[in-house]
Each structure stands twice: as structure tokens, then as C-alpha cells.
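The values are calculated or read from the model by the stated rules, or taken from the named source; none is laboratory data. For clarity, every value in this text was computed on a predicted model and none was experimentally measured. So basically every Cβ, Gly included, is an ideal-geometry build from the backbone, and we count neighbours across all protein chains shown. Only protein heavy atoms, including side chains, enter the accessible area calculation; ligands, DNA and RNA are left aside. Shrake-Rupley method; radii C 1.70, N 1.55, O 1.52, S 1.80 Å.
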2 protein chains.
Amino acid sequence: MQRSADAPTLGSLGPSARAVVRTLLLAGPLSRAELARRLERSPASITKITQPLVADGLISEDTAPPGESRGRPGAPLVLDAALHLFLGVKVTADEVYAVRADASGRVEASAHRPLVDVGQATVVREIIELVNELTPAPGSIQALGVGLAGQMSRFDRTVRANAYLGWDRVPLAEILERATGIPTVLSEDARALTAGVQWSGPGRGMRDFAVLTVGVGVGLGVVIEDRVLAGPTGKVGRIGHTRVSDSGPLCSQGHRGCASAFLTTRSVTQGIGVPHGRSDVDLDAAIELADAGDEVALRVFDDAGHALGVLIAQLVNMLGLPAVILAGDGLGMLAHARTGMEAAIAEHLDPNATAPEVVAFTSGFDEWARGAAVVACQWMLVDPPRSDPDPA
Amino acid sequence: MQRSADAPTLGSLGPSARAVVRTLLLAGPLSRAELARRLERSPASITKITQPLVADGLISEDTAPPGESRGRPGAPLVLDAALHLFLGVKVTADEVYAVRADASGRVEASAHRPLVDVGQATVVREIIELVNELTPAPGSIQALGVGLAGQMSRFDRTVRANAYLGWDRVPLAEILERATGIPTVLSEDARALTAGVQWSGPGRGMRDFAVLTVGVGVGLGVVIEDRVLAGPTGKVGRIGHTRVSDSGPLCSQGHRGCASAFLTTRSVTQGIGVPHGRSDVDLDAAIELADAGDEVALRVFDDAGHALGVLIAQLVNMLGLPAVILAGDGLGMLAHARTGMEAAIAEHLDPNATAPEVVAFTSGFDEWARGAAVVACQWMLVDPPRSDPDPA
DNA sequence: ACCTATTCCTTTATCGTGTCAACGAAAAGA
DNA sequence: TCTTTTCGTTGACACGATAAAGGAATAGGT
């Protein structure tokens with residue numbers, strides 16, 4: 001275990017040390033005794049594991065809070081999360097978003113650039129541009145995470161079946177590593193968002209929940225027993241075409257009554273704009289109409305809420321989740337959709353199931369990029385690459 | 001690691017040895033080199049781990065099959081599953097079913113006894129009676145698994161919230177251990193069934209699938225990435241009251257159009273019996289009517305198939321499962337329900353999702369008991385109790 | 001028949017990791 | 001001050017895994 005003298009990277013630590021760092025990151029300051037209980041190790045092991053970490057300045061002893069117990073108070077260990085920086089990138093069909101975050105998921109800086117086309121050269125160039133822009137000093141970034149649509153595993157190296165870019169089997173991680181010198185990992189974007197929510201978003205501390213995103217499409221991420229589900233090849237989350245009503249408008253694929261036909265931004269704006277003979281209604285305008293009491297807008301939002309509620313109830317019925325987190329840029333409608341949503345939940349929930357806590361998590365595209373940064377951090381703490389490429 | 005000279009129990013093995021046994025059990029005969037690759041260990045480790053197992057007669061070298069590779073052929077190792085016997089018990093409101101199975105899940109013997117009441121004394125007595133009946137010799141059974149409804153974890157010791165028996169917080173495992181001398185574990189019954197399907201049923205070799213049961217109720221088990229999902233407290237699988245239609249009959253809880261109202265045995269028999277003015281229609285009679293071309297029966301079965309198809313499509317949309325296994329005593333209707341089911345799947349499946357393989361697994365209550373036996377075996381191979389109680 | 005490449009399996013020395021048992025340290029309460 | 005309780009450290013020790021090296025068994029080429 002060769003470790004550089006002053007600033008060891010998280011990925012270069014041994015498995016036990018990584019487990020300690022992970023636990024400290026997720027559960028805040030903990031005494032060694034508490035760590036021993038959580039990790040099911042003996043106190044002696046924890047001392048041995050933490051000693052070099054403390055010596056290297058990676059973790060330090062907090063000042064003990066006024067203890068409430070009887071015996072000798074524990075010395076809480078804190079991880080200096082700000083020492084470890086990660087970049088997260090989210091690639092959509094027309095824009096690239098990037099953030100710099102520390103190990104605790106706190107965003108320090110962000111940037112984004114439009115994509116003029118979706119060719120490999122263009123996308124790679126813009127990502128590299130953003131990486132350079134957000135890198136404070138060479139070698140200061142421990143890993144780069146890229147989130148984009150497709151059938152990628154948790155820590156993947158290759159873009160697979162991305163419909164928006166029309167890419168398949170593109171070894172993007174390797175390309176970016178060569179260009180930037182930063183270890184790079186890819187992940188399916190909804191999964192990355194879910195990871196971000198779980199580690200340092202509203203899902204923090206919850207063992208079981210779902211993330212339901214509303215915007216251009218309808219997305220889903222599921223966390224059960226602290227694990228983000230992926231399914232065979234990242235196929236979890238195709239929830240958009242779930243039938244939520246026997247009637248209603250058609251979705252873009254010609255289905256009647258499916259969730260997308262009620263929930264996507266496009267469905268909502270057209271559902272309101274068309275009866276009014278207007279084609280300039282965007283989501284904000286639609287919300288304004290509803291604020292002003294427009295009957296059409298109120299009805300469309302109510303229907304959207306209903307669809308959302310049905311999806312939530314189905315999720316909870318099937319998986320028994322105690323909480324559902326709503327996210328996405330289409331969430332602005334929630335104020336007008338909440339009533340319909342709650343009615344639909346009550347109507348469709350199994351009478352033996354307990355009602356889930358529904359949390360609205362208003363967030364922009366940065367949140368998707370932040371999720372990718374969290375995935376990069378998880379990569380280092382769970383399954384780090386064998387040897388770090390030398391960025392010198 | 002004290003090991004009895006001739007017949008070591010699976011639970012007394014070390015973690016690595018258990019991992020080897022697990023892999024051999026699930027993936028058939030494997031050479032040491034193949035084991036090393038699957039378990040991500042070095043070949044040297046595998047040799048050290050398997051040596052005592054071979055010496056003890058627990059596993060043995062198979063005669064090498066005609067190899068297709070170039071180098072020295074591997075010596076396939078086989079586990080003598082018949083050496084390790086487990087009992088599985090399934091408790092319903094009016095009957096107790098039990099089987100004796102070996103480590104590979106093969107059923108050697110089975111028995112069942114009616115319950116005159118659901119008091120603790122009665123249930124415990126009948127279970128012990130069945131255990132004695134199925135135990136060939138004292139000490140020959142390595143563990144006992146009990147499956148019953150309730151909110152139990154994977155390997156639980158206490159019955160929690162069992163509605164059928166009206167039990168809560170009953171330390172059944174301890175009671176049975178004291179009486180029988182056999183290490184005992186409890187599990188929620190649908191989860192046990194799913195485990196049985198996964199290890200030695202039609203789900204064998206599949207990493208991701210769902211088990212949908214039809215009978216008195218509608219049940220669900222989900223396996224993702226080789227793990228059986230449980231949710232917070234065994235709450236996965238409350239799928240019965242999922243709305244599958246805006247119209248249709250009421251279910252027992254007064255919901256309109258929910259899955260139970262189309263799928264449970266009671267719903268089907270009444271749906272056919274009432275229009276005919278008959279109260280003696282059971283499931284077999286209903287199937288006979290449909291065989292004879294009775295319009296009502298055909299329609300009811302078609303509706304049931306439709307409901308089943310909607311549930312399957314929703315499952316696949318949400319979790320991306322490539323296969324769904326149908327089980328339960330209500331499955332006899334499938335011949336007449338298949339058309340409706342397939343139509344509903346096609347209609348409700350997300351157009352981007354691949355159609356799941358739907359497998360019918362005709363089975364009786366023994367299958368539930370067998371699942372409990374498999375859970376007992378898993379218990380020994382995954383998380384064995386500290387020290388075996390001495391049955392002498 | 002012989003050699004080589006390949007794959008498999010085992011042995012030895014060694015190392016990392018974890019535990020046990022014992023002990024010292026720091027608090028609260030009697 | 002003494003006891004109790006909990007926390008943290010130390011050293012001896014066991015276990016499990018590995019790397020390195022070499023023997024064993026096969027296919028294929030010369």
C-alpha cells in the first residue's frame with residue numbers, strides 16, 4: 001500500500017480504510033467505538049485503521065461534545081471532506097453541465113456549455129473544456145463522473161445505447177482519462193441523480209426510497225436497503241408509459257392515458273396552450289395561468305397530479321417504500337398538482353400499506369451533474385481502479 | 001474452527017468455505033480455476049479452501065468431462081448436496097405443510113397436518129409433530145426454516161404481525177429450537193417462495209426476475225442482481241390492490257378495478273358462479289365451464305388475464321425485469337387467461353422496454369414449504385448462528 | 001516422437017487484517 | 001477517594017489471501 005506522503009487519494013486506501021471513510025462521510029462525526037459497532041469490527045481494528053488516516057490529516061478528532069453517557073466520552077472523528085474534490089458532468093442532447101464538488105457532495109463551482117452537435121469530437125471537447133475550467137490546480141481532482149442516458153452499469157467505462165446522442169459502445173471514460181489525466185467513470189444519469197440524492201440530498205439517512213423525476217420525460221430511481229437498484233442493464237425506471245387512466249390524451253408514442261401524456265413538460269404546456277389557441281405557453285406561463293385561476297390550467301395540473309399520485313401509489317404498493325422524492329425541472333407545477341396527487345395516492349394505495357412521505361426536491365440540471373460527482377466519489381470509496389494514472 | 005471429524009455441518013464452515021459451497025450449489029460442478037474467477041480469489045486460495053472440504057468428503061472431484069480448451073483440463077468439484085438435509089415448514093391459517101429437502105432443494109419427503117385452531121400451543125405442536133415425522137435420524141437435519149405471513153426479515157427469529165394467525169412478537173424460532181434441537185429460522189412466506197424459485201426452481205440462473213403468485217391473494221417477490229428484495233420490513237409485494245381498470249367488480253376492501261377483484265380464486269369463482277345462479281363453482285369447475293365454451297367463464301378468465309398482464313407490464317416498466325414467473329394454486333386458469341394477459345402486456349409495456357419472458361410455474365403448497373427449507377440452507381451458508389446447539 | 005504453448009493445480013514464504021486480552025485514560029456518581 | 005462505565009491503545013497471535021515458483025496434464029505443431 002504505497003501512500004503519497006502528504007495527500008493520499010481516497011482510491012489508494014485499503015478496503016477497511018475506505019469503509020471507515022464511507023461511514024464517516026454518510027453518518028457524520030463518529031467516535032471510534034461507534035465506528036466499531038457500525039462496521040462490526042473490534043475497537044482495536046478501528047484504532048489500527050484510523051491511525052494512519054489521522055497521521056495523514058485525512059481525518060481528525062473533533063472537539064468532544066458534552067457527553068450524555070456515563071463513561072469516558074468518545075473522541076468524534078471527522079473527515080475533512082473539502083480535501084477531496086470531484087467533478088461531475090451531465091450530458092444532454094443540447095448542453096453539458098458540470099460541477100466541482102467535495103467528498104460530502106457540496107458544490108463549489110459549476111458551469112455549462114451548449115452543444116452545437118452531438119458528435120463525439122464536439123462532446124468530448126466541451127467536456128474537457130469544462131473540466132479545465134473547473135480544475136483549480138493540476139492533480140487536485142480525484143475523479144471525474146459523467147452521467148448520461150443509456151444502459152450503463154454503476155461504474156461503467158463505456159457509453160452504451162444512448163439514444164439522445166446516438167452513441168453506442170463509445171469508450172468515453174478512457175478517452176477522457178487520456179485527455180485530462182483524471183480517473184473517469186460513467187453512469188446512467190437517473191442512477192447518478194439517485195446516488196446524489198441518497199448521499200447528500202434529501203434521501204440522506206433513508207434506507208429505502210424512490211426518486212421520481214418530472215421534466216422532459218419521467219424518470220425513476222429506487223433505493224432499497226441502502227443500495228441503488230439498477231436492474232439488468234440500467235433498465236430500471238422506464239415508468240413513463242405506465243397506464244394511469246383509461247382515457248386522456250395520447251403520448252408521443254401514441255399511447256392513451258399513459259403517465260407521460262399527463263406529466264411531461266411538453267404534455268402540460270400543450271394541454272394548456274391548445275385550448276387557448278396559443279403556442280407560446282411554457283411551463284412558467286402555464287403556472288401563471290393556474291395562479292390566475294385559469295380553468296384549463298387548473299384541470300391539466302390536477303390531471304398531472306393525479307398521474308403522479310398513481311405512479312407513487314404503484315411504486316409504494318410494489319416495493320413498500322416509506323418515502324418518495326420528487327425531482328426534476330417540471331416540479332414547479334407541484335403547488336397546483338398536489339391536491340390531485342394526494343387524492344390519487346389515497347385512492348390507489350393498498351389499504352394495508354402505510355402512506356409514503358412525499359418530498360419535493362426542487363433542483364436544476366446542476367443536481368444531475370452533482371449526482372455524477374457523487375458517483376465518482378463512490379467509485380473511489382467502493383471499487384477504485386487498480387492504479388491511479390499519473391497526471392504529471 | 002473446530003470441525004467434527006466425519007460430518008461437518010455447513011454452518012460450522014468458515015466464510016470462504018461457505019462461499020465456495022454456495023457457488024458450487026448454484027452453478028453446478030466447477031473447476032478450482034473457475035471458482036477462483038467467480039469468487040475473485042487467487043487459485044492458491046481456492047486450493048487451500050477446498051482441501052479440507054474434499055478431505056471431509058463434503059465435496060469431491062467429478063470425472064473430468066471432455067474438455068474443449070487447450071491446456072490442462074480442470075477437475076470439476078461437485079458438492080454432495082444429499083449429505084445436507086433441511087426441513088421447511090409453511091404455516092397457513094388452517095394447515096401446516098412440511099418438506100424435507102437436501103441442500104440442492106430436492107424434496108425427499110413431505111407431509112401436512114390440518115390446524116384445528118391458530119393458538120400458539122396448537123401450531124407449535126403440529127410443527128413439532130411434522131418435524132419428528134420427517135426427521136430420519138436424530139441430528140441428521142442441519143436446520144429448519146419456517147415460512148409464514150408477516151413482517152419478518154430474511155433470517156428472523158420472531159413472528160411479527162401475522163394477520164392470519166393473529167400473532168405478533170412470538171419468538172417461534174427459539175421455541176422450536178428448544179423443542180426439536182434443530183437450529184430454526186423464520187422468514188416471510190412470499191420471500192421464502194421466491195428464494196426457493198431462485199435457488200432451485202425456474203428462476204435458477206436468472207439474476208433478475210419477479211415471482212407473481214395467484215391464489216387466495218396476489219403476492220409478489222422480486223429478485224434483482226441475485227438478491228431477494230425485502231423492503232423496510234418485508235413490505236414488498238402488496239400488489240393486490242393495484243388499480244388495473246377504471247371499471248370492473250369490487251374487491252373485498254371495496255376498491256373498484258383493483259387486481260384482487262379480477263385475480264383471486266374467490267373473485268374468479270364468484271364472478272362466474274353468480275351470473276349462473278350457482279354457489280358451488282370452485283376453480284376446477286370454472287375451468288371446466290371455460291373448456292366447454294361458457295361465455296361468462298371465458299370472459300372472467302380473459303379479464304383475469306388482463307389484470308395479470310397489467311401487473312406484469314407495470315413490474316417490468318418499473319424494474320426492467322427480463323422475466324416474470326407465475327406461481328400459486330390459482331394458476332390453473334392460465335390456459336384461458338393467457339390471451340388476455342399477453343394482450344395487456346403488449347398494451348401496457350413501455351415501448352422501449354423489452355418484453356419479459358413469462359414462465360408459468362405450476363406448484364402446490366409444498367413449494368412454499370420447500371422455499372422455507374431453501375431459506376434454512378441459505379441461513380447456514382450466508383449468516384449461520386454462532387454455535388450450533390447440541391442436539392445430543 | 002518431441003517440443004511448445006496453455007491451462008490447471010499445488011506448495012512455500014510472506015503480508016495484511018482482524019481479534020483477544022490486558023491495560024491505561026477519562027468521565028460520572030457514590 | 002473509590003467504583004463504575006465507557007473509550008482508546010498496545011502487543012501477541014491467528015487466519016486468510018497473495019505472489020512466486022514449479023509441477024502436471026492436455027492440444028497442437030514440427
In the P(r) worked out for the stretch B:59-124, what percent of Cα pairs fall beyond 13 Å? 72
Across all directions of projection, what mean area in square nanometres is found for the Cα convex hull of the stretch A:205-360? 9.5
With helices defined as uninterrupted DSSP H runs, which ones in chain A have an alpha carbon span along their own long axis of at least 15 Å and mean Kyte-Doolittle hydropathy of at least 0.5? A:15-27, A:43-55, A:120-134, A:295-319, A:365-382
Roll a 1.4 angstrom probe over the protein heavy atoms and tell me the percent of accessible area of the protein assembly as shown that is carbon or sulfur. 49
How far, in nm to one decimal, is B:P275 from itself in the other copies if the label point is set 7 angstrom along Cα toward Cβ? Shortest first, please. 3.7
Summing both sides, how much accessible area is buried between A and B? Use a 1.4 Å probe and give Å² to the nearest 100. 3500
In whole Å, what is the distance between the alpha-carbon centres of the stretch A:92-116 and the stretch B:82-103? 56
Going by Cα centres, the stretch B:126-197 and the stretch A:269-290 are how many Å apart? 60
Expected unfolding gain across A:D383-A:R178 under the 0.36 nm per residue rule, minus the alpha-carbon gap, is 71.8 nm
Based on the Cα gyration tensor of the stretch B:329-380, what are the three equivalent ellipsoid semi-axes, each the root of five times an eigenvalue, rounded to whole Å and given largest first? 31, 17, 6
According to a simple spin-label model (label point 7 Å from Cα along Cα-to-Cβ), what is the distance in nm between A:V124 and B:T47? 4.5
Rounded to 5, percent antiparallel among DSSP beta bridges of the protein assembly as shown: 60
Suppose R0 equals 41 Å. What FRET efficiency, 1/(1 + (r/R0)^6) with r the Cβ-Cβ distance, do B:V274 and A:R256 give to the nearest 0.05? 0.85
Hey, what did chain B get for relative contact order, percent, Cα under 8 Å, at least 6 apart? 17
Please provide three numbers in whole Å: the alpha-carbon extents of the stretch A:29-171 along the principal axes, with the largest listed first. 65, 30, 26
Whole number please: convex hull volume per residue of the Cα set in the stretch A:311-352, in Å³? 70
Taking 0.36 nm per residue of sequence separation and subtracting the Cα-Cα distance, how much length would be gained by fully extending the chain between B:T354 and B:A93, in nm to one decimal? 90.0 nm
Only loop residues by DSSP count here, and only those with at most 13 other Cβ atoms within 10 Å; note down the GluC sites (Glu not before Pro) in the stretch A:55-162 that meet that. A:E68
Could you state the number of Å between the C-alpha centres of the stretch B:6-47 and the stretch A:304-322? 42
Per residue, accessible area of the protein assembly as shown with a 1.4 Å probe, heavy atoms of protein chains only, in Å², comes to 43
Among B:D156, B:D282, B:D208, which one shows the biggest mean-square fluctuation in a GNM of chain B, springs joining Cα atoms closer than 10 Å? B:D282
Give the nm distances, rounded to one decimal, from B:A33 to the matching residue in every other copy, measuring between label points 7 Å along Cα toward the beta carbon; shortest first. 5.3
Percent of alpha carbon pairs in chain A separated by more than 33 Å? 38
On average, how much area does the Cα convex hull of the stretch A:272-315 cover when viewed from any direction, in nm²? 3.3
Per the Kirkwood formula on distinct C-alpha pairs, the Rh of the stretch B:94-249 is how many angstrom? 16.8
Aspartates and glutamates near A:K48 by alpha-carbon distance under 14 Å, same-chain residues fewer than 8 away left out - which ones? A:D56
For the rotation taking chain B to chain A, which residue of B has the Cβ nearest the axis, and how many Å away is it? B:D246, 2
Any chance you could look up the accessible area of B:V118 with a 1.4 Å probe, heavy atoms only, rounded to 10 Å²? 50
Roughly what percent of Cα-Cα pairs across the protein assembly as shown reach past 38 Å? 48
Within-12-Å neighbourhood charge of B:V244 [Cβ basis; K, R +1; D, E -1]: -1
Calculate, for A:S60 and A:A163, the FRET efficiency according to 1/(1 + (r/R0)^6) with r their C-beta to C-beta distance and R0 56 Å; round to the nearest 0.05. 0.75
Consider just the alpha-carbon atoms of the stretch A:160-225 and return their Rg together with their Dmax, both in angstrom. 14.7, 38
